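The block underneath contains the structure these notes are about, expressed in structure tokens.
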Amino acid sequence: MQCCQQLNELGGDSHFSSGKKENIMTLLLKNMWRSVLSGRSLNSSLRSRSFTSDMTEMSLSQSPDVVMTSIKTALSAADVLHAVQTNLAVMNHKHMLQAFRCLFNLQRACKIPGEIDHLVKDPTFGVLCQNFKKQARALDVNEAIEATKVLTYLKVPADSVVVQTMLQLIKTNINMISLRQIMFMDFLLTRFDTKNHLVDALKLALPLAFQIHLPIEIDNQDLSLLRDMLSYACSHDLPERCINNIVTGLLLHDQAIDAQIAKSIIWSLCQANCTEQLYPTRVQLLHICYDILTQRLNQLTYDEVLSTVARIKGRILEKHPEYYHEQLMDAVAQYMVKNKVNFEKSLLVARILSRTAHTNLGLVEYLCNLAASNSATLATCRTNILLGFINCLSNNNYEPEQMQWKEIQRQISKNPVLDGKNNALPWAKICLELASLGHYEDKLLTKVFSKTYFDDFHIRDTNMLDYLQLLTLHEAVRTFYSDKYGLPTEVLEKAKSIYPAHALTDQLEDHLAQGLGGAQYVVRNVLLPNGFVADCLICLQNGYPVQMPICSGDLKVPIGYLNLPAGSIVVCVMNFAPSCFSMNSNRLRGTFRLVLDILEKQGYATVPININEWLSAPPHERTQYLIREVGYKCGEIGLKLSTCSS
């Protein structure tokens with residue numbers, strides 16, 4: 001009777017239907033039995049907290065979730081927070097997660113006015129975080145990851161209690177998350193501004209979990225997943241077997257890779273070791289993607305093209321030639337021209353190509369046309385633009401058409417940068433590059449050859465390159481322009497004394513000797529009066545080689561020691577490293593070609609040799625290669641080479 005009486009008190013007809021009464025009766029009986037077993041009175045049991053909680057859950061489960069609806073239909077952050085404040089007492093973890101989700105969507109849609117900090121500092125938001133943290137035990141790991149995503153986007157600090165709780169939950173269940181979730185969590189961790197021990201611990205744990213999950217979860221049919229996994233594996237320096245497994249999967253899709261995926265794979269492999277002898281499959285995948293991008297480069301934005309070629313440049317400069325791809329570099333240059341990209345953006349790409357020693361005269365010509373068509377392009381541009389343009393022309397060994405070049409020279413001369421007094425700028429290098437283009441700027445030459453410049457030069461941390469640039473500039477100015485400029489005696493002598501003898505010159509000497517008929521016809525490391533060193537020197541008279549003293553060792557031999565006969569032709573065979581030439585042609589860079597021009601003007605015949613190209617020839621062809629090059633030079637000056645070899 002007591003049960004029925006309390007039942008009537010709890011739920012009369014005005015509040016509950018008969019069905020609901022039956023359910024409440026069931027709950028009441030269950031609670032009564034709990035009381036009997038625990039020795040408590042029925043009255044206290046009826047008033048117990050657990051019974052009230054059971055009734056609340058039953059009521060929520062059997063009626064529409066009004067709380068969830070009110071949160072989902074909120075149109076502003078204020079509405080969401082009002083719904084939270086109103087219903088906090090009956091909200092479970094799903095309601096709270098939905099509240100965070102709504103705030104995230106509003107923020108992403110730019111519907112939260114003012115700074116996001118104002119929302120995070122709102123007292124109701126703080127209460128929401130506190131209560132969500134209390135219900136953390138009810139969350140599964142997927143919900144914890146979603147909550148971390150939302151909290152991160154809302155810029156809740158990493159050291160806040162609610163974020164720490166989520167991260168701890170993820171760390172505890174790290175073996176239960178998938179590869180995609182591992183990669184996503186790693187991305188989220190990078191968004192935290194402050195350092196935190198739990199964030200650091202997860203950053204260490206996630207790559208280890210990735211390695212464990214990879215053999216189990218890798219899906220060679222999912223191209224996008226393979227792409228993302230390669231990016232993660234390469235950026236986290238995972239073991240070689242991980243990267244190789246992913247690369248093998250990607251090679252199965254060589255026909256399905258589009259421009260965006262090819263770009264992503266190239267970016268990833270630019271972070272890995274792709275040495276061909278060690279990792280042939282990586283190089284194979286890299287060049288497949290290069291070929292795809294070459295054909296579909298127009299599907300990328302300018303920024304994507306720029307980023308791609310910049311990453312490739314970085315690897316090439318680290319002495320990894322397998323990253324070079326001539327067709328892709330040409331396609332990048334053509335992209336600028338075809339899409340009529342503006343001067344500064346095109347110049348940035350041209351400078352990158354120039355750094356990789358790739359020559360594309362079409363792009364350089366396009367830049368010159370843009371510069372000459374607007375009288376202010378170079379006359380008013382920033383320092384880095386002006387110097388970059390000069391460097392680009394010099395490295396490509398390109399001199400524009402005469403009238404166009406006059407306009408470009410006029411603009412260069414008018415730029416106020418050249419009037420500056422900033423000695424931190426590489427003025428000697430700038431003058432040398434201009435000299436390689438045949439342009440001599442008096443105000444710059446006055447600056448570089450001034451006492452003030454050399455006073456500063458002596459206290460600077462100078463190196464061999466500084467001295468070699470000054471020596472070459474000194475000779476170029478005095479040979480082609482004016483003898484009123486010159487280096488101080490002590491600087492000139494120091495520059496001459498450190499002019500280097502190049503590696504592998506002894507091999508050149510041996511093969512030339514074989515071709516000419518004996519060691520007496522070739523001398524290596526000959527010091528010329530101007531301070532330059534002829535790597536191998538041959539003397540010809542009436543087309544025949546002249547005998548000279550045989551000099552052994554690596555010491556420099558002054559040319560006066562050789563007692564060359566009057567009226568003879570002196571041929572300087574110059575040993576140039578591959579970096580002195582463009583990668584896609586045998587075209588010398590401007591400042592190195594200037595060395596040849598100086599020697600030619602001073603009466604020497606010069607034969608430039610790309611030492612790597614020569615060494616790549618079969619051994620039995622190397623002697624003939626050199627004799628043929630010397631013969632071509634003799635033909636240019638109207639001389640027929642005759643050798644003394646049998």
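The values are calculated or read from the model by the stated rules, or taken from the named source; none is laboratory data. Remember, it's a predicted structure, so these values are computed and weren't measured experimentally. Cβ atoms come from the backbone with ideal geometry, glycine included; neighbour counts cover every protein chain shown. We work out accessible area using only protein heavy atoms, side chains counted, and drop any ligands, DNA or RNA first. Shrake-Rupley method; radii C 1.70, N 1.55, O 1.52, S 1.80 Å.
Report whether or not Ala144 is modelled with pLDDT of 90 or more, of a type in the set (Gly, Ala, Ser), open to solvent by less than 40 Å² (accessible area, probe 1.4 Å) and closer than 21 Å to Cys102 by Cα.
Against the criterion (modelled with pLDDT of 90 or more, of a type in the set (Gly, Ala, Ser), open to solvent by less than 40 Å² (accessible area, probe 1.4 Å) and closer than 21 Å to Cys102 by Cα), Ala144 qualifies.
Of the residues Leu626, Leu599, which is in contact with a helix residue (DSSP H, G or I) (Cβ under 6 Å, 6 or more places away or on another chain), open to solvent by less than 20 Å² (accessible area, probe 1.4 Å), part of a helix (DSSP H, G or I) and of a type in the set (A, V, I, L, M)?
That would be Leu626, the only listed residue that is in contact with a helix residue (DSSP H, G or I) (Cβ under 6 Å, 6 or more places away or on another chain), open to solvent by less than 20 Å² (accessible area, probe 1.4 Å), part of a helix (DSSP H, G or I) and of a type in the set (A, V, I, L, M).
Do you know which residues across the stretch 416-458 are charged (D, E, K, R) and touching a residue at least 40 places away in the same chain (Cβ under 8 Å)?
Matches in the stretch 416-458: Lys429, Glu433.
Restricting attention to the stretch 472-493, report how many residues are open to solvent by less than 60 Å² (accessible area, probe 1.4 Å) and in contact (Cβ under 8 Å) with a residue 60 or more places away in the chain.
Residues that pass the stated criteria total 4.
Does Tyr632 satisfy being assigned to a helix (DSSP H, G or I), closer than 30 Å to Glu322 by Cα, open to solvent by 20 Å² or more (accessible area, probe 1.4 Å) and touching a strand residue (DSSP E or B) at 6+ places or on another chain (Cβ under 9 Å)?
no
What are the pairs, 6+ residues apart or on separate chains, where a residue within the stretch 115-132 that is over 11 Å from Leu81 (Cα atoms) has its Cβ under 6 Å from a residue that is open to solvent by 20 Å² or more (accessible area, probe 1.4 Å)?
Final answer for the pair search is Ile116/Lys155.
Can you tell me which of (1) assigned to a helix (DSSP H, G or I); (2) at pLDDT below 90; (3) open to solvent by less than 60 Å² (accessible area, probe 1.4 Å) is the one Lys496 doesn't meet?
So the condition that Lys496 fails would be (2).
Residue by residue through the stretch 373-407, note down the ones that are open to solvent by less than 30 Å² (accessible area, probe 1.4 Å) and of a type in the set (Val, Ile, Thr).
Thr377, Ile385, Ile390
Mind checking which residues of the stretch 519-534 are free of Cβ contacts under 8 Å to residues at least 60 places away in the same chain and in a strand (DSSP E or B)?
Val523, Arg524, Asn525, Val526, Leu527, Val533, listed by residue number.
Looking at the stretch 565-583, which of its residues are more than 20 Å from Ser394 (Cα to Cα) and either part of a loop (DSSP other than H, G, I, E, B) or acidic (Asp, Glu) (or both)?
Hits for the stretch 565-583 are Pro565, Ala566, Gly567, Ser568.
Taking the condition of being part of a loop (DSSP other than H, G, I, E, B) and either open to solvent by less than 20 Å² (accessible area, probe 1.4 Å) or at pLDDT 90 or above (or both), how many residues in the stretch 75-101 meet it?
The total comes to 2.
Would the stretch 416-423 turn up any residue that is farther than 30 Å from Ser579 by Cα, part of a helix (DSSP H, G or I) and under 34 Å from the mean Cα position of the chain (by Cα)?
Yes, there is a match, as at least one residue in the stretch 416-423 is farther than 30 Å from Ser579 by Cα, part of a helix (DSSP H, G or I) and under 34 Å from the mean Cα position of the chain (by Cα).
For every residue, the table says whether it meets (1) within 22 Å of the chain's Cα centre (by Cα); (2) modelled with pLDDT under 95; (3) open to solvent by 60 Å² or more (accessible area, probe 1.4 Å).
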| position | (1), (2), (3) |
| --- | --- |
| Asp222 | no, yes, no |
| Leu226 | yes, no, no |
| Ser231 | yes, no, no |
| Pro239 | yes, yes, no |
| Ala259 | yes, no, no |
